[in-house]
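Here is the structure we will look at, set down as structure tokens.
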Amino acid sequence: MSHSYREETTLNTSSNPTFAEVLETRLSRRGLLKGAMAAAVTASLPLAGCAGTGQRALVMGFAGIATSTADAVRVPQGYTASVLYAWGDPVGHQSGSPAFKPDASNSADEQALQAGMHHDGIHYYPLPHGSKSSSSGLLVMNHEYTDDGLLHPDGFANWSAEKVRKSQNAHGCSVIEVRSRGGQWEVVRPSPFARRITAATPMRVGGPAAGHALMKTAADPSGSTVLGTFNDCAHGYTPWGTYLACEENWDTYFINSGTLTADQRRNGISPKGRGYRWNEFDERFDAGKHPNEPNRHGWVVEFDPYNPQSQPVKRTALGRFSHEGAWPAMASDGRLVMYMGDDRVFEYIYKFVSRDRVNANDRAANANLLDHGTLYAAKFNDDGRGEWLPLVHGQGALTAANGFADQADVLVRTRAAADAVGATKMDRPEWIAVHPQTNEVYCTLTNNSQRGGKDRAGVDRANPRANNVFGQIIRWREAGNDPAALRLEWDLFAVAGDPQHPDAAMRGNIKGDAYGSPDGLWFDDSGLLWIQTDVSSSTLNRGHYERLGNNQMLAADVRTGETRRFLTGPSGCEVTGVIMTPDARTMFVNIQHPGESPSERSDPKDPRAYSSWPDGGRPRSATLVIRRNDGGVIGS
Ligand code: FEO
Ligand code: CA
Ligand code: CA
Ligand code: CA
């Protein structure tokens, strides 16, 4: 869905000061110019110490392509993109491979054996585990949410328990086995690894909130087992080969027939819900009747794709919010750092630092590593420095006197804790990417049209535009180049916009091909930065965006700042999720919600109204395989 509803309906109104209020304290230590837009003008300055670190020169060996409004995927000359795995394709489970029915009449049980809807974050795991195979592996991906106007032949008409189950089974994750013969990729069916995780899959609660009173419900008095994961957006992964599904707009699945709690309000739950209607046949989604059920969602979920019997675990030490994704970096001393964004207007950037070191020689020793560590929220000062503020019960403002009972309470109410310590309110943090050679961290801030609005936080140097419809990419370097450090230096890598826009504030400073609303972000091993966009369908090709075409993917050389357009998506889609095989000769990209209507609700009577990609029928989210026709390294 476009995330526009978020901008209308959810808002961090906590009172920690924004940097607009402390602008006068800014310094010009790195020679940055004064004023909010100056941050944009200087955005491509390298961070201190960045030059001469041994990065090899990048060569973007493809010609950037034009914008497009076609209902098609376009890639540069010399490349081919083909569809591998679309919504409804069988996952290849050994218990059956029901074929996709083009009229959407597959049952709920069949949907549980097929690709879910709305592909998002994706990762590649070589087979066998420990190998670097680029011709055999597992693809693991999220199915973020459903468009029930497309999911059922008659949409929301005749709403039933079966339809709720089908919707729940179209959420979650897919694990598929894939292999290549001479560059021709296929899904292996059947495969012992094939698996669907859904909004009904039992999962264990791990970390400080496991068994806590806030996690207990009538159905689970022990507070230890939750049914399902849903609205998993981008993803994460660990050095030991597990996958992290990250629960983003989980609040939208709940209604509240009674009275909203403060935490439910803070997390955006609406009394009437946002239209999924699961509560009508699955009462736990009525937060009035089951006030703790929402506490069991909004977490990072870890599972082992190499072990199809393994139970997923909700890792509560990583906090509860609208998780976009979770991306690893190794601390200097061998502990694991996970970077995370909370994708909602005026929310925060976080990182988790594990208590224990990663054991590179014993995979099992890392099984519960994510249950112990410290969660921090980021503060970006206007002087180009920043700090990580610990969210630890008993420290600073996070005391019983301030209403935080214990560490589990701090984690369940992560946003309130970050409010209390004074983190910086950001313009919707989405993906985070760590440079493979320099450890510099990049984060997309997709947009925030409420910035600077009435009763809203004003601009600051990290979020420099009021009515920020195009977004920006922030980057930082940790002190001592150690991901576990508590101090950092930051700047803006790019301020997105349309260089031909009549309004100067809408132009941005992109060098090369223009884009807006950056969301997906990933470094390949060579250090090329891949940027994917998610302009909402109500905005796409309209107004400020009329010259930028459909959603797209670009590559950027972060040393020069040059950006080149590599892919344009079909009508109404967003482009999200990107990974390559280890040899960098195959790229997998997800196309989400092709044909999304400006209202974000498909009409079951006319499912092809806005797109019939990829196969001429109702639009289907799908995984693309992208290859160079000569079999060469992608992007080079
Ligand atoms: Fe699901 Fe933040 O995009
Ligand atoms: Ca999305
Ligand atoms: Ca996203
Ligand atoms: Ca997005």
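Listed here are the residues, each with its yes/no results for (1) within 17 Å of E144 (Cα to Cα); (2) at pLDDT 95 or above; (3) in contact with a Ser or Thr (Cβ under 8 Å, 6 or more places away or on another chain).
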{"residue": "G561", "(1), (2), (3)": "no, yes, yes"}
{"residue": "G572", "(1), (2), (3)": "yes, yes, yes"}
{"residue": "M580", "(1), (2), (3)": "no, yes, yes"}
{"residue": "R585", "(1), (2), (3)": "no, yes, yes"}
{"residue": "G595", "(1), (2), (3)": "yes, yes, yes"}
{"residue": "D615", "(1), (2), (3)": "no, yes, no"}
{"residue": "P619", "(1), (2), (3)": "yes, yes, yes"}
{"residue": "I626", "(1), (2), (3)": "no, yes, yes"}
{"residue": "I634", "(1), (2), (3)": "no, yes, yes"}
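The helices (runs of 4 or more DSSP H) located wholly in segment 98-194 include none with 3 or more residues which are at pLDDT below 95 and of a type in the set (S, T, Y). Each residue in segment 329-361 was checked for being touching a residue at least 40 places away in the same chain (Cβ under 8 Å) and either in contact with a Ser or Thr (Cβ under 6 Å, 6 or more places away or on another chain) or at positive phi (or both), and 7 of them qualify.
Out of all the residues in segment 225-240, is one or more open to solvent by 10 Å² or more (accessible area, probe 1.4 Å), of a type in the set (G, A, S) and more than 16 Å from ligand 4 (Cβ to nearest atom)? No - not one qualifying residue is present in segment 225-240. All conditions but one from (1) away from ligand 2 (no atom under 16 Å from the Cβ); (2) assigned to a strand (DSSP E or B) apply to P604; the one that does not is (2). Here S449 meets each of (1) open to solvent by less than 40 Å² (accessible area, probe 1.4 Å); (2) on the phi < 0 side of the Ramachandran plot; (3) touching a Ser or Thr at 6+ places or on another chain (Cβ under 9 Å) with one exception, condition (1). For segment 485-498, the criterion of being within 16 Å of ligand 1 (Cβ to nearest atom), open to solvent by less than 10 Å² (accessible area, probe 1.4 Å) and part of a loop (DSSP other than H, G, I, E, B) is met by at least one residue. Among the residues of segment 522-544, those that are over 26 Å from D71 (Cβ atoms) and assigned to a strand (DSSP E or B) comprise F523, L528, L529. Which of the residues belonging to segment 466-484 are closer than 23 Å to R344 by Cα and assigned to a strand (DSSP E or B)? Residues satisfying the conditions are N468, Q472, I473, I474, R475, W476. Just one residue in the set D603, D583, D630 is closer than 20 Å to D103 by Cβ, open to solvent by 50 Å² or more (accessible area, probe 1.4 Å) and either out of contact with any Phe, Trp or Tyr (no Cβ under 6 Å at 6 or more places or on another chain) or within 16 Å of ligand 3 (Cβ to nearest atom) (or both); that residue is D603. What about A218, is it within 18 Å of R284 (Cβ to Cβ) and open to solvent by 60 Å² or more (accessible area, probe 1.4 Å)? So A218 fits the description; yes. Among the residues making up segment 428-451, a single one is of a type in the set (D, E) and within 15 Å of ligand 1 (Cβ to nearest atom): E430. Restricting attention to segment 317-352, the residues that are within 19 Å of T438 (Cβ to Cβ), among the hydroxyl-bearing types (S, T, Y) and open to solvent by less than 10 Å² (accessible area, probe 1.4 Å) add up to 1.
State whether one or more residues within segment 617-627 are assigned to a strand (DSSP E or B), within 16 Å of ligand 1 (Cβ to nearest atom) and buried (at least 24 other Cβ atoms within 10 Å of the Cβ). The answer is no; no qualifying residue exists.
The values are calculated or read from the model by the stated rules, or taken from the named source; none is laboratory data. The structure presented is a predicted model; accordingly, all values stated were derived computationally and were not measured. Heads up, the Cβs are rebuilt from the backbone with ideal geometry, glycines too, and the neighbour counts pull from every protein chain shown. SASA here: full protein model, heavy atoms, side chains in, ligands and nucleic acids out. Shrake-Rupley method; radii C 1.70, N 1.55, O 1.52, S 1.80 Å.
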